[in-house]
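Colleague: Below is the structure I would like to discuss, written out as structure tokens.
The values are calculated or read from the model by the stated rules, or taken from the named source; none is laboratory data. Not measured: the values here are computed from a predicted model. As a convention, Cβ positions derive from the backbone with ideal geometry for all residues, glycine included, and neighbour counts pool all protein chains shown.
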Amino acid sequence: MRAGVVVSFLATLSLYLPACSGHEAVAPQGVFFPTLTKSQDSWPAALASGSLTEKDGCVLLMPGDVLLIWPHEASVERTSAGRLRIAVDGKLVGQTGDEVQLGGGLLGESRNALGQVQSLIGEPIPERCRPDGGYWLATPPS
């Protein structure tokens, strides 16, 4: 009986502890939402504009077919209308379907330019989220 209680306690505790492998943003089921593993003080200064789009559970910037990589402090939630709402440090970036302008810079210009991106997010990018346009590191809103 005591072994069952310990196992139950450990299972419950694991729900509240972060993964040891690094930071993982909480995303709605089926959504891949890559964020940097650490906060940073400096950012690339380019500008991209387009529509936030959810495709195969991935948040892309269209046109251009670019997977968005978010700051460590980013969060995402699904609205009652089924859209994804994205915020960084509580500041709304936008929702899927919105036209946005995002500061930042390219981390890789093709679907197979994964080395730098995966090292910054601390996890592999699923095949379904590897776009032809590459990977854009989005900066926090000002």
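Colleague: Tell me which residues, restricted to the stretch 111-142, are buried (at least 17 other Cβ atoms within 10 Å of the Cβ) and under 12 Å from residue 66 (Cβ atoms).
Modeller: Listed by number, the residues that qualify are 111, 117, 129, 130, 131, 133, 134, 135, 136, 137, 138.
Colleague: May I pose another question? Restricting attention to the stretch 93-110, which residues are farther than 11 Å from residue 138 by Cα and at pLDDT below 95?
Modeller: 108, 109, 110
Colleague: Taking strands (runs of 3 or more DSSP E) that do not extend beyond the stretch 1-81, which have at least 1 residues that are at pLDDT 50 or above and small (Gly, Ala, Ser)?
Modeller: 46-55, 74-78
Colleague: Within the stretch 94-108, count every residue that is among the β-branched types (Val, Ile, Thr) and part of a loop (DSSP other than H, G, I, E, B).
Modeller: 1
Colleague: Mind listing whichever residues of the stretch 118-131 are within 19 Å of residue 55 (Cα to Cα) and in contact with a Gly (Cβ under 9 Å, 6 or more places away or on another chain)?
Modeller: Across the stretch 118-131, the qualifying residues are 126, 128, 129, 131.
Colleague: Scan the stretch 30-58 for residues that are over 13 Å from the mean Cα position of the chain (by Cα), within 17 Å of residue 77 (Cα to Cα) and loosely packed, with under 14 Cβ neighbours inside 10 Å and report the count.
Modeller: Matching residues across the stretch 30-58 total 1.
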